[in-house]
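Computed from the coordinates by the stated procedures, all read-outs in this text should not be read as laboratory data. Just so we're clear, the structure is a prediction, and the values are computed from it rather than from any experiment. Cβ placement follows ideal geometry from the backbone for every residue including glycine, while neighbour counts extend to all protein chains displayed.
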């Protein structure tokens, strides 16, 4: 199982704090919205970034982030 990071676009307001907390996974577009560095819609969270991803989920001001386990 792989942990993936999902952004709920109906909640995201482009604050960009998630990209600051997860610079290896996310970047921001010209409007401050997060974009995956891997190009995947829901990027895989490497084990080394697990704590940072959980921190980002807890600290998203609009609760737009979610972690989930996926087979691939």
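Exactly one condition in (1) surrounded by 13 or more Cβ atoms within 10 Å (Cβ to Cβ); (2) in a helix (DSSP H, G or I); (3) in contact with a strand residue (DSSP E or B) (Cβ under 7 Å, 6 or more places away or on another chain) is not met by residue 66; state its number.
(2)
Just one of the numbered conditions (1) at negative phi; (2) part of a loop (DSSP other than H, G, I, E, B); (3) exposed (fewer than 14 other Cβ atoms within 10 Å of the Cβ); (4) over 10 Å from the mean Cα position of the chain (by Cα) is not true of residue 15; which one?
Looking at each condition in turn, residue 15 falls short on (3).
Would you pick out the residues in the stretch 28-55 that are in a loop (DSSP other than H, G, I, E, B) and either over 16 Å from residue 68 (Cα atoms) or touching a strand residue (DSSP E or B) at 6+ places or on another chain (Cβ under 7 Å) (or both)? Spell out the reasoning first.
Of all residues in the stretch 28-55, those in a loop (DSSP other than H, G, I, E, B) come to 29-33, 37-43, 45-46.
29, 30, 31, 32, 33, 37, 38, 39, 42, 43, 45 - these are the residues of the stretch 28-55 that are in a loop (DSSP other than H, G, I, E, B) and either over 16 Å from residue 68 (Cα atoms) or touching a strand residue (DSSP E or B) at 6+ places or on another chain (Cβ under 7 Å) (or both).
Can you name every residue in the stretch 18-27 that is surrounded by fewer than 16 Cβ atoms within 10 Å (Cβ to Cβ) and touching a strand residue (DSSP E or B) at 6+ places or on another chain (Cβ under 8 Å)? Working first, answer last.
To start, the set of residues in the stretch 18-27 that are surrounded by fewer than 16 Cβ atoms within 10 Å (Cβ to Cβ) comprises 20, 23-24, 27.
If the condition is that a residue be surrounded by fewer than 16 Cβ atoms within 10 Å (Cβ to Cβ) and touching a strand residue (DSSP E or B) at 6+ places or on another chain (Cβ under 8 Å), then 27 is the only one that fits.
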